[in-house]
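K.L.:
Sharing a structure here in structure tokens format.
Each value in this text was obtained by applying a stated rule to the coordinates, not by laboratory testing. Computed from a prediction, not measured in an experiment: that's the story for all the values here. So basically every Cβ, Gly included, is an ideal-geometry build from the backbone, and we count neighbours across all protein chains shown.
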Amino acid sequence: MKMGKVHIVPLSPKVVAVFERAQRYRAGVGDLVFPVQDVKKPLSDMTLLKILRDMELMVTVHGFRSAFRDWVAEQTDYSGEVAEAALAHTVSNKVEAAYRRTDFLDKRRLLMRDWATFCKKVPAPSKEERVEESSVALPPH
């Protein structure tokens, strides 16, 4: 639910497996997948940010959503409308919103499958790592 509206999120098999594993730890304690001590409250942005900092990752929680949106725009052929629907963003143009009756569920299912595949990839070396590797002297043959 976002902004009082039901938002269906297609999940990759890996994410479903994580949720199933999490369910074993929360059986009978509420509807939230990852509750905090008060089982009726969701994880806050600050809790998630603390987890990221503890992992020494200098990113923000919202940055994950932004990275997803950039990936869709730069590396896929999915439309902006599908990406925005995946993020549960509302259509700001009232006329367009009146005519948009779809939730793009089938396309979002494919999009989330592709996002999961992308996220599982081993990252390419950074520019600095490539420069460092190329400057290492190789032993003579």
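K.L.:
Go through 11, 57 for me and flag whichever is surrounded by 14 or more Cβ atoms within 10 Å (Cβ to Cβ) and out of contact with any Leu (no Cβ under 7 Å at 6 or more places or on another chain).
P.N.:
Details: 57 fails: surrounded by 14 or more Cβ atoms within 10 Å (Cβ to Cβ).
It is 11.
K.L.:
Please return the ranges of helices (runs of 4 or more DSSP H) entirely within the stretch 1-95 where 2 or more residues are within 20 Å of residue 120 (Cα to Cα).
P.N.:
Once the helices (runs of 4 or more DSSP H) in the stretch 1-95 are filtered for at least 2 residues that are within 20 Å of residue 120 (Cα to Cα), what remains is 13-26, 61-75, 80-86.
K.L.:
Condition first: without any contact (Cβ under 8 Å) to a residue 40 or more places away in the chain and closer than 14 Å to residue 15 by Cα. Now tell me which residues in the stretch 118-127 satisfy that.
P.N.:
Within the stretch 118-127, just 119 meets the criteria.
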